[in-house]
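Visitor: For reference, the structure I am asking about is given below.
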Amino acid sequence: MTTSSGPSSSSRPRASFAPPVPPARRTTGATGGAPYSLRRRMRLAALTTLRLGGSAERVVTVETEPELVAAVREDPTLVLAGGSNVVVADADLPGTVVLVRTSGVQDENGLMIVQAGEPWDAFVAQAVAAGRQGVECLSGIPGSTGATPIQNVGAYGQDVSGTIAWVRVYDRERDAVRTMSAAECEFDYRRSVFKYRTRWTVLAVAFRLPESEESGPLTYAELCRTLGVPVGGRAPLADVREAVLGLRRGKGMVVDEGDPDSVSAGSFFTNPILSHEEWARIPGDPPGWPEPDGRIKTSAAWLIDRAGFPKGYGDGRAGISSKHTLALINRGEATTAELMDLAREIANGVQKRFGVALHPEPVLVGHSWE
């Protein structure tokens, strides 16, 4: 889960890479409030899946909703949970970073209510084991549950917006905790009202997941082929989860200390959504998926590959994954500047070849795309 007061789709702190830090101490917010754990000077690279980023001046760790509210009331620079959907600048970050470690899942009145800091895949595994349908195709996505509405996380034919009933937030303008309906979240492709505004901090997310041992109709062709079912068919929830995990592992999209291709922020670019005329002008028969408004979504990976940037591209410390064209990886000791130079090289190449603009999916912290 990430919000930022600086400019801006798939977290996974890696304790084994964390540098020595001073012992944490318990403190209270400037306005009183609940206590939380405080550290001075902590490298953010240890808290992101890309292993990039400078040091934070001050890091507070919260484990309960009251602690989280007390911490964010002080206008933090960054709210961070898993660190899988962020690219943090090399420069040190002034101000306060709030590290969200809340956890827990409640099953109430047909809703599964999940704390923002709960690891997303742990929740998906719990839902599948309980026979609750609606998030099984989102297995293996790194990060926290609180990040999912921010990005409207999606994969293999499912988006969280399809099952979110409401989101509990702290509203800075009102200085109050409130519940926002799915409609108020303004979900769209890989975005929501939360993505570029710091007014709200996600505290918990409620999912409406019907009881079923089988998935809903499966729409993603690659997943259907893996499961041996037709598009529109169904499969047992556990089988869907295992198939998705297998597909993601094959693309380096499951966190694995032994897989250098997993040192990424997931898909770096969103798939462009174009007018029918713009899509038809792209040479080479590009893939296209109709949107409800008549526009066409096409594949960023297809464009990148055909613009001359294949899997494994790049001779430096930052490169394209050898398993997935959309994943930009830190091969070891890369800097954020190097990664962003590569991203801009790719985007400029696609723009020149096809006239299509690419946009980053992760939130950019302490730097901007333009």
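Visitor: Let's see if you can work this out: charge +1 on each Lys and Arg Cβ, -1 on each Asp and Glu Cβ, no other charges. What is the dipole magnitude of the range 174-233 about its Cα centre, in debye to the nearest 20?
Guide: Details: 9 positive and 8 negative charges, 95 e Å.
Charge dipole of the range 174-233: 460 debye, to the nearest 20.
Visitor: Shifting gears a bit: Estimate the FRET efficiency between ASP75 and ALA122 by the formula 1/(1 + (r/R0)^6), using the beta-carbon distance for r and 41 Å for R0, to the nearest 0.05. It would help to have the intermediate numbers written out before the result.
Guide: On the way: r = 30 Å, r/R0 = 0.74.
Given R0 = 41 Å and the Cβ-Cβ separation, E is 0.85.
Visitor: Just the number, please: Stokes-Einstein D of the range 71-114 in µm²/s, Kirkwood Rh from C-alpha pairs, 37 °C, 0.692 mPa s.
Guide: Working: Rh = 13.0 Å.
It diffuses with D of about 253 µm²/s by this estimate.
Visitor: Here's something else I'd like to know. Please pull out the direction-averaged projected area of the chain, using the convex hull of its alpha-carbon atoms, in nm² to one decimal place.
Guide: Details: hull surface 71.6 nm².
Its Cα hull, projected and averaged over all orientations, spans 17.9 nm².
Visitor: I need the calculated FRET efficiency for the pair HIS367 and ILE273, taking r as the beta carbon distance and R₀ as 25 Å, to the nearest 0.05. Don't jump to the answer; show the numbers that get you there.
Guide: Numbers: r = 25 Å, r/R0 = 1.00.
My answer for the efficiency is 0.50.
Visitor: Let me ask another. In whole Å, what are the Cα extents of the range 174-314 along the three principal axes, biggest one first?
Guide: Principal axes ranked by extent give 51, 38, 37 Å for the Cα atoms.
Visitor: If N is the number of residues in the range 260-365, what value comes out of its Cα radius of gyration divided by 2.2 N^0.38 Å? Mind showing how you got there, number by number?
Guide: Values: Rg = 14.0 Å, N = 106, 2.2 N^0.38 = 12.9 Å.
Against the compact-globule rule of thumb, the ratio is 1.08.
Visitor: Continuing with the same structure: Let me spell out the model: positive unit charges on the Cβ of Lys and Arg, negative unit charges on the Cβ of Asp and Glu, origin at the Cα centre of the chain. What dipole size does that give, in debye rounded to 20? Kindly include the intermediate steps, with their values, before the conclusion.
Guide: Numbers: 40 positive and 43 negative charges, 140 e Å.
Taking the Cα centre of the chain as origin, the dipole is about 680 debye.
Visitor: If you don't mind, there's one more thing I want to ask. Can you tell which of THR102, SER212, GLY157 lies farthest toward the positive end of the dipole of the range 76-223, using +1 and -1 charges on the Cβ of basic and acidic side chains (Lys, Arg; Asp, Glu)?
Guide: Highest projection toward the positive end goes to THR102.
Visitor: Toward the positive end of the charge dipole of the chain, about the Cα centre and with charges on Cβ (Lys, Arg +1; Asp, Glu -1), which of VAL69, ALA122, LEU203 goes farthest?
Guide: Farthest along the dipole direction, towards plus: VAL69.
Visitor: Report the normalised scattering of the range 236-322 as log10 I(q)/I(0) at q = 0.15 Å⁻¹, calculated by the Debye formula with identical scatterers on the alpha carbons.
Guide: With no solvent term, the Cα-only Debye profile gives -0.76.
Visitor: Can you find, among SER299, GLY232, LEU44, the residue farthest towards the positive end of the dipole of the chain? Put +1 on the C-beta of Lys and Arg, -1 on that of Asp and Glu.
Guide: Checked the options; the winner is LEU44.
Visitor: A further question on this structure: Placing unit charges on C-beta atoms (Lys and Arg positive, Asp and Glu negative, everything else neutral), compute the dipole magnitude of the range 105-208 about its Cα centre in debye, rounded to 20.
Guide: Values: 11 positive and 12 negative charges, 56 e Å.
For this selection, approximately 260 debye.
Visitor: Using a 10 Å cut-off on Cβ atoms, rank the peptides 78-91, 143-156 from the highest mean neighbour count down. If you can, show how the numbers build up before the last one.
Guide: Details: 78-91: 25.6, 143-156: 27.4.
Going from most to least packed, we get 143-156, 78-91.
Visitor: Okay, next question. Could you work out the relative contact order of the range 168-257? I mean the mean sequence separation of Cα pairs under 8 Å and 6+ apart, divided by the number of residues, in percent. Provide the component values of the computation, followed by the final result.
Guide: Working: 80 pairs, mean separation 17.4, N = 90.
Reported relative contact order: 19 percent.
Visitor: Using only the alpha-carbon atoms of the range 105-208 as identical scatterers, what base-10 log of I(q)/I(0) does the Debye formula give at q = 0.13 Å⁻¹?
Guide: The computed values of log10 I(q)/I(0) come out as -0.41.
Visitor: Could you sort the peptides 173-186, 194-207, 246-259 by per-residue average Cβ neighbour count (10 Å cutoff), highest mean leading? Walk me through the numbers before you get to the answer.
Guide: Details: 173-186: 13.6, 194-207: 21.3, 246-259: 16.9.
Output ranking for 173-186, 194-207, 246-259: 194-207, 246-259, 173-186.
Visitor: What FRET efficiency do you get for ALA357 and GLU291 if R0 is 22 Å and r is their Cβ-Cβ distance, rounded to the nearest 0.05?
Guide: Values: r = 17 Å, r/R0 = 0.77.
Computed FRET efficiency for ALA357 and GLU291 comes out at 0.85.
We did not get these values from a lab; they are worked out from the coordinates using the rules stated. Remember, it's a predicted structure, so these values are computed and weren't measured experimentally. Neighbour counts run over all protein chains shown; Cβ positions are idealised from the backbone, glycine included.
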